[in-house]
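Inspection log for the structure reproduced underneath, given as structure tokens.
The values are calculated or read from the model by the stated rules, or taken from the named source; none is laboratory data. Keep in mind the model is a prediction, meaning the values are calculated, not measured. Note that we place each Cβ from the backbone using ideal geometry, even for glycine, and neighbour counts take in every protein chain shown. Remember, those area values only see protein heavy atoms, side chains included, never the ligands or the DNA or RNA. Shrake-Rupley method; radii C 1.70, N 1.55, O 1.52, S 1.80 Å.
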Amino acid sequence: MRKIAFCLIQGVYTLAVFSIFVIAILGALIGSFANVVIYRVPAGKSIVFPASSCPKCGHKIKPWENIPVISWLFLRAKCSNCKAPISFRYPLIELVTAIGFGLLAWRWPLEVYGFTVIPLLIIFAMLVMMSMIDLDTLLLPDSLTLPAIMVGVLGTFIYRQNSGLPSLNQALVGGAVGAGIIALVNRVGSLVVRRFADTKERLWPIGMDQVNVAALGGALGGWTWGLGAAAASMLVNLVARKPIRLPELTVYALWVVALVVSSFGILTTPVGGISGTFIATGIVAIVGALFWWVRDLASNEPLPDDSEDEPVAMGFGDVKLAAVLGVILGWQQLLAALFLSFLIGAVGGIASRLAGGDRLIPFGPYLVLGGLLALFFGQDLISWYLGMLGISGA
Ligand SMILES: [Zn+2]
């Protein structure tokens with residue numbers, strides 16, 4: 001009897017190792033596809049067609065030359081036709097995706113949590129693509145960030161209950177708080193960078209003015225007030241058929257007053273004022289981003305030239321990326337993720353300065369790193385932090 005039980009345990013164990021291995025192999029293949037996306041999406045090319053070829057001589061990559069990592073080693077990092085060097089980046093991205101897939105499958109095994117891991121695998125692959133595109137171009141494409149938010153929201157319908165992953169409600173709050181915090185950093189930061197001149201970007205019918213007014217309303221009376229204020233100002237824009245401007249410096253001066261008012265618990269609780277400002281700002285920022293994404297896809301107007309963009313402290317792509325992290329983490333672990341991102345970002349920034357680099361480093365990869373650390377260790381980190389404060393059992 002004991003022997004049968006042992007065999008059974010061993011069988012399950014072997015199956016678990018096998019499924020992690022299979023998912024890691026799948027990760028390597030997806031990593032190979034990620035290389036295509038990273039190269040083609042910023043260039044505005046199709047990701048399906050044509051098949052990959054050597055950028056130097058145009059040699060069509062044969063299937064056996066396209067085996068993740070192995071082909072690169074076998075070809076000794078050279079094109080089989082013209083001997084042009086193939087960057088170390090390609091196998092590295094395949095390896096990173098394989099390892100990430102393996103770790104996710106190990107943390108949320110199929111045998112225990114069913115298909116819980118699937119949305120996480122999809123989002124992980126998208127995060128790898130976003131990080132590399134951000135490093136290359138300082139941009140985070142809407143065609144990756146916004147669908148990733150949707151995968152995270154839909155994922156909550158698939159997660160098993162004991163998986164430690166957020167419910168639908170927690171995911172929505174997490175996403176809104178993530179977008180809201182980074183949007184506020186973006187708005188206040190870019191206001192300072194622009195020397196307090198009003199933005200000229202994306203104004204009608206929904207744009208930065210509505211994001212600002214959502215922050216103000218949310219701080220004063222909670223998130224419903226913030227959404228109400230943004231909706232009212234959008235309605236004014238629609239009725240007027242042109243953007244009715246709300247001077248940004250005034251709105252943010254009033255925002256500080258509103259935070260003070262709510263800290264006395266007048267129209268909402270102090271916590272309601274702070275969470276309200278983040279949640280309302282985040283929701284309006286994401287709704288606005290979705291509107292502009294769909295509008296740009298639908299219109300044939302050329303996109304505005306990047307050189308005309310206003311200087312910003314942190315791009316709006318980071319707002320959408322923070323929402324992706326929020327929907328898979330929930331708000332508590334998201335705060336841990338942001339804390340880790342800023343910490344790693346500060347260390348990374350100082351290190352690159354010391355190394356003599358003056359290149360602008362995007363924040364996206366740091367957000368992704370902080371988010372993944374929080375996904376695996378966030379719960380432990382929060383328990384440890386609360387333990388330090390003397391709060392236990394939270
Ligand atoms: Zn070649």
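Residues being within 20 Å of residue 91 (Cβ to Cβ), open to solvent by 40 Å² or more (accessible area, probe 1.4 Å) and within 16 Å of the ligand (Cβ to nearest atom) are entirely absent from region 20-27. Restricting 229, 183 to residues that are touching a Gly at 6+ places or on another chain (Cβ under 9 Å), modelled with pLDDT of 85 or more, assigned by TED's automatic domain parsing to the domain that holds residue 339 and under 25 Å from residue 372 (Cβ atoms) narrows the list to 183. Comparison of 256, 188, 261 shows that the only residue that is open to solvent by 60 Å² or more (accessible area, probe 1.4 Å) and part of a helix (DSSP H, G or I) is 256.
Out of 231, 183, one residue alone is among the small types (Gly, Ala, Ser), buried (at least 24 other Cβ atoms within 10 Å of the Cβ) and out of contact with any strand residue (DSSP E or B) (no Cβ under 8 Å at 6 or more places or on another chain). It is 183. In region 1-30, the residues that are closer than 23 Å to residue 114 by Cβ reach residues that are among the aliphatic types (A, V, I, L, M) and modelled with pLDDT of 75 or more with C-beta atoms within less than 6 angstrom, at least six apart or across chains, in these pairs: 19/110; 20/105; 23/105; 24/98; 27/98; 30/125.
Restricting region 38-66 to residues that are aliphatic (A, V, I, L, M) and in contact with a helix residue (DSSP H, G or I) (Cβ under 8 Å, 6 or more places away or on another chain), the residue that is most open to solvent (accessible area, probe 1.4 Å) is 47.
Just one of the listed residues (246, 216, 267) is in a helix (DSSP H, G or I) and in the same structural domain as residue 362 (by TED's automatic domain parsing), namely 216. Mind listing whichever residues of region 56-84 are part of a loop (DSSP other than H, G, I, E, B) and more than 8 Å from the ligand (Cβ to nearest atom)? Scanning region 56-84 gives 61, 62, 67, 68, 69, 75, 76, 77.
Residue check: is residue 99 more than 16 Å from the ligand (Cβ to nearest atom), open to solvent by 70 Å² or more (accessible area, probe 1.4 Å) and free of Cβ contacts under 8 Å to residues at least 60 places away in the same chain? Judged against the criteria, residue 99 is not a match.
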